[in-house]
Amino acid sequence: KKTKNINSTKNKKKKKSTGFKVLMGFLLVILALLIVGGGYIMGILSKMEKTKINTEDLGIVEEEFNEYENANKITNIALFGVDSVSGEGGRSDSIMVATVDPVHKKLKVTSIMRDSYVYIDGYGQDKINHAYAYGGPELSIKTINENFGLNIENYATVDFSSLPVIINLLGGIDIEVTSDEIEHINGYIDSLNSLEGTSSGHIYNPGVQHLDGTQALAYSRIRYTAGGDYERTQRHRTVLNALFNKILNSPVTSYPALLNDLLPYVETSLTTTDILSLATEVAGIGNNLEQDRFPRDGYGQGADIGGVYYLTFDIETAKAQMRDYIFNDIK
């Protein structure tokens, strides 16, 4: 099954890069758990939409982890941002793996390029972000595990509307915008204002800018600078870091209110027990957040296959690099 060519400007502008927002929801939950507890936090966590997935068919090959003695101590969670407001039926426009690594005392975020040309069970070679549309989070997790040799058993998904909500609740974030980005950001702002009924202003000058939620989302969606999708995923990480630092510098008394507003946007297979357990591990790690992206720069190239753009790369090389990074902390 193939999709229509998405090289047109119109289709590109409709993309909703929201995967990194999932991570912020996840991290915000963890941070809040460190300072509030008891029945109150259990009530807040109940606001998330909980789902169950079939863990027997997630493409995990146990024998592949024999060489990693610490694999069972490291938790990997798939993070999806879908391109539909309801969170259903869309492609996972952004795909990340959140790693809680108590062995190396790190929180890791691994981005997977959405145009990556991989094998999807039942559909053959296709873009990795199509797996979510074909089979939801289960097929997406299976696709990641089978192609990159991971052991993911849980996920979190966030819909399009969450990023502006999070950023506005935090009072905006400061981002350095370049001259190249200035040329494109205002078109995205206008598009989002039209779609969402907002009235955010234009950005006119390069340099550090204080962005509201709509402006930050527009910034994250820019795709037409020289670096293309690679720079776009870097902008995801820039926004992620700005959000993470803003949360860390916010008064802990604000966390319950933020969670109250944020968690209804989150769908996850993690149980409350899972989250409480992860919170304990994160408490011993602190705010040591590290990020990487696969395929790495220089290891992939664009290809036109049947009139559709794909990012092609050597899967075995990417698999080895990702596993070394996640399980052995080797870059």
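How large a share of the accessible area of segment 192-331, in percent, is made up of carbon and sulfur atoms when the probe is 1.4 Å and the other protein chains stay in place?
Of all accessible area on segment 192-331, carbon and sulfur atoms account for 50 percent.
Between E67 and T312, what is the FRET efficiency for a Förster distance of 22 Å, r being their Cβ-Cβ separation, to the nearest 0.05? Write out the running numbers ahead of the final one.
Working: r = 27 Å, r/R0 = 1.24.
The pair E67/T312 has a calculated efficiency of 0.20.
Taking amide H atoms as placed 1.01 Å from N in the peptide plane, list the residues 5 or more away in sequence, or in a different chain, whose amide H sits under 5 Å from that of T75.
The answer is V100.
What residues have an amide H closer than 5 Å to that of R293, excluding those fewer than 5 places away on the same chain, when H is modeled at 1.01 Å from N in the peptide plane?
S111
For segment 72-153, take every pair of Cα atoms, bin their distances at 5 Å starting from 0, and report each bin as a whole percent.
All Cα pairs, binned at 5 Å, distribute as 3, 16, 27, 24, 15, 9, 5, 1 percent.
Work from the charge dipole of segment 41-82 (Cβ charges, +1 for Lys and Arg, -1 for Asp and Glu, about the Cα centre) and give the residue of V61, A78, T51 farthest towards its positive end.
Result: T51.
By average Cβ neighbour count within 10 Å, what is the ranking of 168-176, 126-134 from highest down?
Averaged packing, sorted descending, gives the order 126-134, 168-176.
What value does segment 124-272 have for Rg/Rh, both radii from Cα atoms and Rh as Kirkwood defines it?
Result for segment 124-272 is an Rg/Rh of 1.00.
Set the Förster distance to 22 Å, then compute FRET efficiency between T198 and N260 from the Cβ-Cβ distance, nearest 0.05.
0.50
Mind listing the long-range amide H neighbours of Q209? Cut-off is under 5 Å, sequence gap 5 or more, other chains count too, H placed in the peptide plane at 1.01 Å from N.
I175, E176, V177
The values are calculated or read from the model by the stated rules, or taken from the named source; none is laboratory data. Please read all numbers here as calculations on a predicted model, not as lab measurements. As a convention, Cβ positions derive from the backbone with ideal geometry for all residues, glycine included, and neighbour counts pool all protein chains shown. Ligands, DNA and RNA are stripped out before the accessible areas are found, and what is left, the full protein with its side chains, is counted by its heavy atoms. Shrake-Rupley method; radii C 1.70, N 1.55, O 1.52, S 1.80 Å.
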